[in-house]
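Before any comments, here is the structure.
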Amino acid sequence: MDELLQQLGAALGRVGSDPRVWLTAHVAAGYLITVWLACALWAFVDMRRRSGRLVIPYAIAAIVIVATPLLFPFALLLHAIVRPRIPFAERRLDALRERAMEAELELPTCAVCRRVIDADWLVCPACRTALAHRCEQCGGTVPIDWAACAWCGSSFDPPREAIRTAR
């Protein structure tokens, strides 16, 4: 058994002393370390885009670095599972878009009964409150509280009999 181990040690010593094997091993180790650190940088940049917090990108990069060059694929797999699907900037933009759409979708309502009305209606069909009147000059619909027509510019007093309050 001793003789077999000595022969194996001698064979490994001959292979290890060959400069081509030595150079290949060093290049492979350098490549592995470069990929390891590049993955840590990628994880940092990716989490900086996907998280609104300052500490999380540093923590993720530290986990990849601490995972050593041998276990960093598992740390990257964990990062890929845990990271938010949508980047932080896009989530913020989506929230702003939603708020803008909600603001655009605000429909006009009757001041008395709060039901949805059309902007061109003259009277609320639910409570019969006067909402607008027609301009005598151009025939445009003018809100009840305006003193001039926005389309033709003619001045007028809103008709008093058209104004009705809720009971």
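A quick yes/no check of all residues on (1) in contact with a helix residue (DSSP H, G or I) (Cβ under 8 Å, 6 or more places away or on another chain); (2) over 23 Å from Tyr31 (Cβ atoms); (3) among the charged types (D, E, K, R):
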position: Arg49; (1), (2), (3): yes, yes, yes
position: Pro57; (1), (2), (3): yes, yes, no
position: Ile65; (1), (2), (3): yes, no, no
position: Ala75; (1), (2), (3): yes, no, no
What are the residues in region 23-57 that are in a helix (DSSP H, G or I) and closer than 21 Å to Ile86 by Cβ, if any? Trp42, Ala43, Phe44, Val45, Asp46, Met47, Arg48, Arg49, Arg50, Val55, Ile56, Pro57
Do the conditions hold for Leu70, that is, is it over 40 Å from the mean Cα position of the chain (by Cα), among the aliphatic types (A, V, I, L, M), at pLDDT below 90 and surrounded by fewer than 16 Cβ atoms within 10 Å (Cβ to Cβ)? no
Condition check: farther than 30 Å from Ala29 by Cβ, among the small types (Gly, Ala, Ser) and either modelled with pLDDT under 80 or assigned to a loop (DSSP other than H, G, I, E, B) (or both). Does Ala95 satisfy that? no
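The values are calculated or read from the model by the stated rules, or taken from the named source; none is laboratory data. All of these numbers come straight from a predicted model, not from anything done at the bench. Ideal geometry is used to build each Cβ from the backbone, glycine not excepted, and the neighbour counts take in all protein chains shown.
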